[in-house]
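See below for the structure under consideration.
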Amino acid sequence: MPVLPVDPRRLRSGTTVLALAAAAALALSGCAGSSLDQSGGGQAGDAVKIGLLVPLSGVYAPLGEDMRNGFQLYLDQHGGKLGGRTTEVVTGDEGEGPQTGVPAAQKLVTQDQATAVVGVVNSATALGLRDFFHESKKPLLVANAGADDITAARKSEYVWRTSFSNGKVGAPLGAAVAKEVEGGVYLIAADYAAGREMVAGFRRTFEAAGGKVAGEEYTPFGKTQDFQPFLSAIRGTDAKAVYAFYAGAEAVSFVKQYRQFGLADSTPLYGAGFLTEGGVLDAQGDAAAGVKTALHYSSELDTPRNKEFVDAYRKAYDEAPTVYAVQAYDSAAVLDKALADAPGGTGEEVAKALAGVGPIDSPRGRWSFDADHDAQQKYYLREVRDSGGTMVNAVVSELS
Ligand code: PHB
């Protein structure tokens with residue numbers, strides 16, 4: 001099957017072009033007139049519908065855009081097919097949380113008849129969706145949201161995660177900061193599941209390594225634009241460093257105001273890598289210089305696999321890829337393998353096949369699902385540095 005000449009930029013604005021691409025692919029394969037299988041199942045070689053649930057609005061909208069790009073890049077590199085099936089992507093708007101994300105996911109499954117759903121940025125949305133997917137017997141591939149329980153206490157055979165658990169992102173940095181900082185560290189995060197779990201993961205390893213907490217604060221999620229009162233409170237303690245979790249628009253405001261408030265020079269800022277990732281870092285610019293974070297990806301990773309990916313992504317979208325793009329790209333790779341091993345293409349077959357996909361040769365490094373369906377992977381210590389006039393997340397070392 002020839003690769004369709006689709007301009008990926010056009011795919012950012014809707015699903016119509018994908019539907020056209022799917023129809024064109026069917027026509028090219030001599031199956032003109034056959035329609036997409038509406039049952040969510042079908043014979044190998046038939047088309048498949050995949051739901052993509054990402055924020056198209058709210059503080060995390062730019063993350064959703066990166067995820068759409070990553071998923072689409074994989075499809076474009078693989079002739080528009082997953083598991084040998086021409087793939088139609090139907091996109092739903094997660095919005096800012098479960099109020100919008102849960103009904104949008106339900107629509108993808110019940111109305112659009114998607115065989116599987118990929119995406120979900122917000123931990124609260126993921127927690128709100130777990131039972132629906134478990135009971136509907138449809139696979140949910142969580143391509144960002146880190147809610148710990150989704151791949152632990154509330155694990156389901158239908159829910160798999162290609163991204164991370166919040167606690168596991170926070171943990172690798174704790175011991176390193178305890179060693180590096182003399183004195184107390186202040187903990188601050190967005191007030192919802194992800195913020196609390198990212199702090200808890202950090203705190204566990206930080207305190208185990210002898211670190212002392214100088215204070216702790218959770219800021220209203222999605223509503224805080226002015227961080228000055230919180231920054232004043234930090235200044236009022238004897239904290240020698242700060243650890244933070246923010247992402248998207250909140251990360252931009254927090255890091256810029258941290259610098260403007262004069263804390264950056266006296267009190268080094270650490271965080272989960274989302275704090276300085278992608279478009280967020282572009283918007284922060286020099287204000288982010290020196291921020292140190294832990295994450296399972298950086299576009300700066302110096303490996304042949306990542307370089308090849310970064311080149312392809314830049315060519316398609318004219319910017320460097322982010323962790324969100326990689327997680328969605330890898331989700332497509334996972335589905336490619338699982339669908340190939342699901343001859344009837346039903347949700348139940350795909351969920352079973354997910355157990356056998358094996359290691360994924362990802363731009364982030366090789367990773368596999370662990371026994372709880374979570375991504376088992378390396379974490380990197382990154383530092384924001386100037387590279388020829390552009391701020392990047394330079395890879396300092398691997399964390400264990
Ligand atoms: C989450 O809610 O789990 C979440 C959101 C944005 C991130 C990371 C985690 O960048």
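The values are calculated or read from the model by the stated rules, or taken from the named source; none is laboratory data. What you see is a predicted model; the values in this text were computed from it and never measured. No Cβ is skipped: glycine too gets one built from the backbone with ideal geometry, and neighbour counts run over all protein chains shown. All accessible areas refer to the heavy atoms of the entire protein, side chains included, with ligands and DNA or RNA removed. Shrake-Rupley method; radii C 1.70, N 1.55, O 1.52, S 1.80 Å.
The table for this structure:
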{"quantity": "Selected residue [over 26 Å from ARG366 (Cβ atoms) and open to solvent by 30 Å² or more (accessible area, probe 1.4 Å)] from GLU157, GLU180, GLU94", "calculated": "GLU180"}
{"quantity": "Enumeration of residues in segment 372-400 that are part of a loop (DSSP other than H, G, I, E, B), more than 20 Å from the chain's Cα centre (by Cα) and on the phi < 0 side of the Ramachandran plot", "calculated": "SER400"}
{"quantity": "Test for GLY222: is it more than 28 Å from the chain's Cα centre (by Cα), part of a loop (DSSP other than H, G, I, E, B) and not charged (D, E, K, R)", "calculated": "no"}
{"quantity": "Number of the exception - GLY101 against (1) in contact (Cβ under 8 Å) with a residue 60 or more places away in the chain; (2) in a helix (DSSP H, G or I); (3) buried (at least 24 other Cβ atoms within 10 Å of the Cβ)", "calculated": "(1)"}
{"quantity": "Matching option when the condition is under 19 Å from LEU354 (Cβ atoms), open to solvent by less than 10 Å² (accessible area, probe 1.4 Å) and modelled with pLDDT of 95 or more, among VAL121, VAL117", "calculated": "VAL117"}
{"quantity": "Members of segment 142-194 found to be part of a helix (DSSP H, G or I) and either near the ligand (Cβ under 10 Å from one of its atoms) or under 24 Å from GLU348 (Cβ atoms) (or both), listed by number", "calculated": "ASP148, ASP149, ILE150, THR151, ASN166, VAL169, ALA193, ALA194"}
{"quantity": "Which numbered condition ARG204 misses (of (1) away from the ligand (no atom under 16 Å from the Cβ); (2) in a helix (DSSP H, G or I); (3) open to solvent by less than 60 Å² (accessible area, probe 1.4 Å))", "calculated": "(3)"}
{"quantity": "Residue within segment 292-307 that is surrounded by fewer than 20 Cβ atoms within 10 Å (Cβ to Cβ), touching a Lys or Arg at 6+ places or on another chain (Cβ under 8 Å), in contact (Cβ under 8 Å) with a residue 12 or more places away in the chain and over 14 Å from GLY365 (Cβ atoms) present", "calculated": "no"}
{"quantity": "Residue count for segment 280-323, restricted to those that are among the hydrophobic types (A, V, I, L, M, F, W, C), under 26 Å from PRO268 (Cα atoms) and in a helix (DSSP H, G or I)", "calculated": "6"}
{"quantity": "Answer residue from segment 120-141, given it is closer than 20 Å to GLY345 by Cβ and outside any helix (DSSP H, G or I) and is farthest from the ligand (Cβ to nearest atom) among those", "calculated": "LYS137"}
{"quantity": "Tally, over segment 134-151, of residues that are farther than 18 Å from VAL199 by Cα and not hydroxyl-bearing (Ser, Thr, Tyr)", "calculated": "9"}
{"quantity": "Qualifying position, being farther than 27 Å from GLY95 by Cα and not small (Gly, Ala, Ser), among GLU207, GLU277, GLU217", "calculated": "GLU207"}
{"quantity": "Filtered residues of segment 104-114 (kept if crowded, with 20+ Cβ neighbours inside 10 Å and assigned to a loop (DSSP other than H, G, I, E, B))", "calculated": "ALA114"}
{"quantity": "Scan of segment 58-86 for residues that are within 16 Å of the ligand (Cβ to nearest atom), buried (at least 22 other Cβ atoms within 10 Å of the Cβ) and of a type in the set (A, V, I, L, M), ordered by number", "calculated": "VAL59, LEU63, MET67"}
{"quantity": "Top-ranked residue in segment 254-277 [being more than 20 Å from the chain's Cα centre (by Cα) and hydroxyl-bearing (Ser, Thr, Tyr); ranked as nearest to the ligand (Cβ to nearest atom)]", "calculated": "TYR258"}
